[in-house]
């Protein structure tokens, strides 16, 4: 009867399923406590966020958690390099290139290309990527 029908899940429902999968994987790991203690959600919205039903709140919570984990990882990366601030070990020319990119009010392909082509910036970013991959593989501990 339905042989001629093909069911294709839309991107919205795919995102909901992904959020539900993350909530299920993190069950019992303390994610719910972190979300509540951080003031991102209240207990009434917890199940909707973890099940992926409350899309906007779930996406917001996951963005904040991802940003905080990335900041922790950058802090550990800087600590491993004995640096106080990000990019402090770069030459002045490379720092100026990055500062030029940050100060732009609109996208400039020239400034972007200059930053991407700088060998010191590329090397720094590759080191961070290697550090991040090492953390994923457990090189820096189970809870790195």
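The values are calculated or read from the model by the stated rules, or taken from the named source; none is laboratory data. Given the structure is predicted, the values throughout are model-derived calculations rather than measurements. Neighbour counts are summed over all protein chains in view; Cβ atoms, including those assigned to glycine, are modelled from backbone coordinates with ideal geometry.
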- Item | Verdict on residue 30 being surrounded by 13 or more Cβ atoms within 10 Å (Cβ to Cβ) and at pLDDT below 85 | no
- Task: Please name all residue pairs, on different chains or six or more residues apart, with Cβ atoms under 6 Å, provided the first residue is in the stretch 33-56 and is at positive phi and the second residue is part of a helix (DSSP H, G or I) and surrounded by 17 or more Cβ atoms within 10 Å (Cβ to Cβ).
- Result: 52/16; 52/19; 52/58
